[in-house]
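What follows is a short report on a single structure.
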Amino acid sequence: MSFFEHMAGKDIPKVEEAEVKLDLSGMEKAKALEKLDVIVKYCKKTAAGSLYVSFDPARAGGGETLFQPVARYFKFEKFNGYISHVVPLMTADKGGVFVVFKV
């Protein structure tokens, strides 16, 4: 059993359950955060309940991933009362977070 299979449990949300999905794979940090901001504003406007944001996974020697910048973005949104919770969903092929908005 791989590390990722071991970490997956029944309480972990499924990517398919997200109302809105955003893939930031291959994007530079500034462009990715700009696109993320547009999508989050869309989610607020449409009262979406959940969002899945994916990005390139960590690789040996690959440099910084988008995990920390995306997590900081949602930390600010949670502080402002828009986010219920955020769950990291990491696999060997994809990094990501599952966001649940307060409705």
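The values are calculated or read from the model by the stated rules, or taken from the named source; none is laboratory data. Remember, it's a predicted structure, so these values are computed and weren't measured experimentally. Here the Cβ positions follow ideal geometry from the backbone for every residue, glycine too, while neighbour counts run over all protein chains shown. Accessible surface areas use protein heavy atoms only, side chains included; no ligands, DNA or RNA. Shrake-Rupley method; radii C 1.70, N 1.55, O 1.52, S 1.80 Å.
For the range 7-49, how many residues meet the condition of being in a helix (DSSP H, G or I), over 22 Å from Phe76 (Cβ atoms) and of a type outside the set (A, V, I, L, M, F, W, C)? Here the count works out to 2. Among the residues of the range 26-47, how many are modelled with pLDDT under 95 and open to solvent by less than 50 Å² (accessible area, probe 1.4 Å)? Result for the range 26-47: 0. Here Lys94, Lys78, Lys102 are screened, and the one residue that is within 14 Å of Leu24 (Cα to Cα) and more than 9 Å from the chain's Cα centre (by Cα) is Lys94.
Starting from residues that are among the hydrophobic types (A, V, I, L, M, F, W, C) and part of a loop (DSSP other than H, G, I, E, B), keep the ones in the range 50-100 and report whichever is surrounded by the fewest Cβ atoms within 10 Å (Cβ to Cβ). Out of the qualifying residues, it is Ala60.
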